[in-house]
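To start, the structure under review is shown below, and the notes come after it.
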Amino acid sequence: MTMLDQYLKDLKLGKKERYSDVVVACYLAHHGANFYCKNKSGRTPLDLIEKENFKKTLNMLFPPTHHGGGRRMDQALKGPIRCVFCEDEVATETFFPCRHLSLCKKCCLPKIPKRCPMCRQNITSKNSLGSPQLKEKDLLRVAKRLGRDWWQVAIFLGVDTTKLKIDDESIDAVKQGYLMLYEWYRNCDPETRTHATLRAALEEAECVAAMECLSLDAK
């Protein structure tokens, strides 16, 4: 049974409606489409739909979540989202800020891709399902391994170091690194506050010792 046929069955539609608006919308939602994402003009895909009945159907199937995004197809039809590359494995990697759950661990490179494979939006971070949440003690352990290389990690985490009060040379490197990491920890999206996100930044900055320390902490 193809994916479209599965939608027909779940939505109790006939074969003639295989390529209907609602079935195509379900297909897009399954692959992470967000019907509530605003463009530069402040309009969402739902705003562009002229058929009121179709718009009401989408609102019912995919109501906006607390994040403002559409509910994914795995929630609507109670089935896991598959990787958009291999289409065999369950998708585990969510990209930010678009929040598309699109790739499995096998198809996702260790380094964060530059663009989301679904919407082509620039990726700032990613989160893996099941990745442990970070704690403040993890930040300190990483800071001890980073030493004076903390500023490289700050670049990949998107931390504006000019706003940090760490210019005082009397502050040791470990404390500087911890303050930088805590600034990121405090301001980042809670969903990206994971070992996987920090580990990816450490790998980009080639801070192997700190990355190994974080890997051991996660076990």
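The values are calculated or read from the model by the stated rules, or taken from the named source; none is laboratory data. As the structure is a prediction and not an experimental result, all values here were calculated from the model. Don't worry about glycine lacking a Cβ; one is built from the backbone with ideal geometry, like all the others, and counts go over all protein chains shown.
How about segment 1-29: which of its residues are assigned to a helix (DSSP H, G or I), among the hydroxyl-bearing types (Ser, Thr, Tyr) and either at pLDDT 70 or above or farther than 19 Å from Arg82 by Cβ (or both)? Walk me through it before giving the result.
As a first pass, look at segment 1-29 and keep what is assigned to a helix (DSSP H, G or I): 3-11, 15-17, 21-29.
Now drop any that are not among the hydroxyl-bearing types (Ser, Thr, Tyr), which leaves 7, 27.
Tyr27, the sole residue that qualifies.
Which numbered condition in (1) surrounded by fewer than 17 Cβ atoms within 10 Å (Cβ to Cβ); (2) at pLDDT 70 or above; (3) in contact with a Pro (Cβ under 7 Å, 6 or more places away or on another chain) is the only one that Glu52 fails?
Here Glu52 clears every test but (3).
Checking Gly147 against (1) surrounded by fewer than 16 Cβ atoms within 10 Å (Cβ to Cβ); (2) touching a Ser or Thr at 6+ places or on another chain (Cβ under 8 Å), only one condition comes out false. Which one?
Unmet condition: (2).
Tell me which residues, restricted to segment 120-134, are at pLDDT 80 or above, over 17 Å from Val153 (Cα atoms) and surrounded by 14 or more Cβ atoms within 10 Å (Cβ to Cβ).
The one that is at pLDDT 80 or above, over 17 Å from Val153 (Cα atoms) and surrounded by 14 or more Cβ atoms within 10 Å (Cβ to Cβ): Gln121.
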